[in-house]
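Step one of this worksheet: look at the structure below.
The values are calculated or read from the model by the stated rules, or taken from the named source; none is laboratory data. None of the values given here were measured: they were computed from a predicted structure. Cβ sites come from the backbone with ideal geometry, for glycine too, and all protein chains shown count toward neighbours. When the accessible area is computed, the model is the full protein with side chains, heavy atoms only, and any ligands, DNA or RNA have been set aside. Shrake-Rupley method; radii C 1.70, N 1.55, O 1.52, S 1.80 Å.
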Amino acid sequence: MNNLSSEKKLASGLYLVATPIGNLEDITLRALRVLESVDRIACEDTRQTQKLLNHFQIKKPTVSYHLHNEGSRSEDLIEELRAGGRVAIVSDAGTPGIADPGGVLVQAAIAAGVPVFPVPGANAAVSALIASGLSTESFFFHGFLPSKPGQRKTFFETLAGKTEAGPSAALRSGRDDNDLSPTHIFYDSPQRIVDTLSDVEAVFGASHAVAVARELTKMHEEFLRGTVADVREALAARDQVRGEIVLMISGEFAAAEVVGSIGDAVSALMKDGLSEKDALKRVAKDRGLGKSDVYREWQRSRG
């Protein structure tokens, strides 16, 4: 590789180095210079990082730093940093600390007065969002979804309540406020994505807008955009879904969706044995809405 380390000597401190999420061309020149210049590289998986280092002919000592040894390993690395060392931390792919190890070491470094330097680069969540076709004005990144079906659906129900509180109010007032409709971003496994979309459909409604990004920056990169029902059916028709998955759910509700999803929620609770009054109270509480608002939408759904 080019002699990038010929520039001025790297300052001591902790370097958070983003690495490619698939396409090795996405490595930055600064990332290469830092990795070549530090004293040690802390890796989520040393074997995975070694492939990257070998590709760019970088020879540096590595040490494992993952979810199961963050605490103990951070203590060792902080001692090295306090002594004036230069340590880079990398995850298997993407930006360390974002749904990957890194946060514990950053907090420890800051507490110890050690300089922390971000080295920007690839990130699956942001890369997926900008090509999703959904709103980029405002968004929430939630990391990995719960793996258990019950917990996952409960999470979506809570999210729907918080999300609807804004759009339903905007619909009544006639406002168009982008801050009230953030896009929600999640990481999910290919084995669970169809079931996840079924939960999204049950909670948000079949016509709600979503996008699924698969295998970002790799040879088989793919985006599926449209209603949750259409995207779910497209993936369910495949023999197998492969690759890393980013799921994005629109925070924008059409008036019919707000009415329909509240109506569905009330109906489901009544089928479980609650009275209409108790079902309305439960939905209002769960979704952070006024009881009169829920009653109004319930009546519209029935009409």
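Among residues belonging to region 8-36 that are crowded, with 20+ Cβ neighbours inside 10 Å and hydroxyl-bearing (Ser, Thr, Tyr), point out the one that is nearest to ILE98 (Cα to Cα).
THR19
What tally of residues in region 203-255 results from selecting those that are in contact (Cβ under 8 Å) with a residue 60 or more places away in the chain, assigned to a loop (DSSP other than H, G, I, E, B) and aliphatic (A, V, I, L, M)?
Of the residues in that region, 1 qualify.
Just give me the residues in region 225-255 being over 28 Å from SER301 (Cα atoms), under 21 Å from the mean Cα position of the chain (by Cα) and open to solvent by 90 Å² or more (accessible area, probe 1.4 Å), in sequence order. Give the derivation first.
As a first pass, look at region 225-255 and keep what is over 28 Å from SER301 (Cα atoms): 234-247.
Still in the list and also under 21 Å from the mean Cα position of the chain (by Cα): 235, 241-247.
Matches in region 225-255: ARG242, GLU244.
Which pairs have Cβ atoms under 9 Å, sit 6 or more apart or on different chains, and link a residue in region 123-151 that is more than 15 Å from GLY251 (Cβ to Cβ) and open to solvent by 30 Å² or more (accessible area, probe 1.4 Å) to one that is assigned to a helix (DSSP H, G or I) and hydrophobic (A, V, I, L, M, F, W, C)?
PRO146/PHE155
From the list PHE117, PHE141, exactly one residue is in contact with a Phe, Trp or Tyr (Cβ under 6 Å, 6 or more places away or on another chain), at pLDDT 95 or above and either under 21 Å from GLU215 (Cα atoms) or not in a loop (DSSP other than H, G, I, E, B) (or both). Which is it?
One residue alone meets the criteria, PHE117.
Does LEU159 count as modelled with pLDDT under 90 and surrounded by 18 or more Cβ atoms within 10 Å (Cβ to Cβ)? Write out each step before concluding.
Working: modelled with pLDDT under 90: yes; surrounded by 18 or more Cβ atoms within 10 Å (Cβ to Cβ): yes.
Taking the combined requirement at face value, the residue satisfies it.
Filter region 67-85 down to residues that are touching a helix residue (DSSP H, G or I) at 6+ places or on another chain (Cβ under 7 Å) and either more than 26 Å from VAL246 (Cα to Cα) or assigned to a loop (DSSP other than H, G, I, E, B) (or both) and give me whichever is most open to solvent (accessible area, probe 1.4 Å). Don't jump to the end; show me each part of the working.
In the first step, residues of region 67-85 are kept if they are touching a helix residue (DSSP H, G or I) at 6+ places or on another chain (Cβ under 7 Å); the result is 70-71, 74, 77-78, 81.
Add one more test, that the residue is either more than 26 Å from VAL246 (Cα to Cα) or assigned to a loop (DSSP other than H, G, I, E, B) (or both), and what stays is 71, 74, 77-78, 81.
On the way: GLY71: 45, SER74: 5, LEU77: 5, ILE78: 12, LEU81: 9 Å².
Among those residues, the one meeting the criterion is GLY71.
Could you list all residues from region 144-156 that are more than 19 Å from ALA209 (Cβ to Cβ) and either aliphatic (A, V, I, L, M) or part of a loop (DSSP other than H, G, I, E, B) (or both)?
PRO146, SER147, LYS148
Could you list all residues from region 162-185 that are in contact with a strand residue (DSSP E or B) (Cβ under 8 Å, 6 or more places away or on another chain) and either at pLDDT 65 or above or more than 23 Å from VAL212 (Cβ to Cβ) (or both)? Walk me through it before giving the result.
Of all residues in region 162-185, those in contact with a strand residue (DSSP E or B) (Cβ under 8 Å, 6 or more places away or on another chain) come to 163, 182-185.
Selection gives PRO182, THR183, HIS184, ILE185.
Output yes when any residue across region 125-132 is under 30 Å from ASP286 (Cα atoms), polar (S, T, N, Q) and more than 14 Å from the chain's Cα centre (by Cα), and no when none is.
no
Please work out which one of (1) open to solvent by 60 Å² or more (accessible area, probe 1.4 Å); (2) at pLDDT 95 or above is the condition VAL90 fails and give its number.
Going through (1) open to solvent by 60 Å² or more (accessible area, probe 1.4 Å); (2) at pLDDT 95 or above one by one, VAL90 breaks only (1).
Kindly evaluate PRO146 against the criterion of being touching a Gly at 6+ places or on another chain (Cβ under 8 Å), modelled with pLDDT of 90 or more and not hydrophobic (A, V, I, L, M, F, W, C).
Judged against the criteria, PRO146 is not a match.
Any residue at all in region 43-54 that is open to solvent by less than 30 Å² (accessible area, probe 1.4 Å) and either part of a loop (DSSP other than H, G, I, E, B) or in contact with a Pro (Cβ under 7 Å, 6 or more places away or on another chain) (or both)? If you could, list the steps in order and put the result at the bottom.
Of all residues in region 43-54, those open to solvent by less than 30 Å² (accessible area, probe 1.4 Å) come to 43, 49, 52-53.
Filter once more, so that each one left must be either part of a loop (DSSP other than H, G, I, E, B) or in contact with a Pro (Cβ under 7 Å, 6 or more places away or on another chain) (or both): none.
No, there is no match, as no residue in region 43-54 is open to solvent by less than 30 Å² (accessible area, probe 1.4 Å) and either part of a loop (DSSP other than H, G, I, E, B) or in contact with a Pro (Cβ under 7 Å, 6 or more places away or on another chain) (or both).
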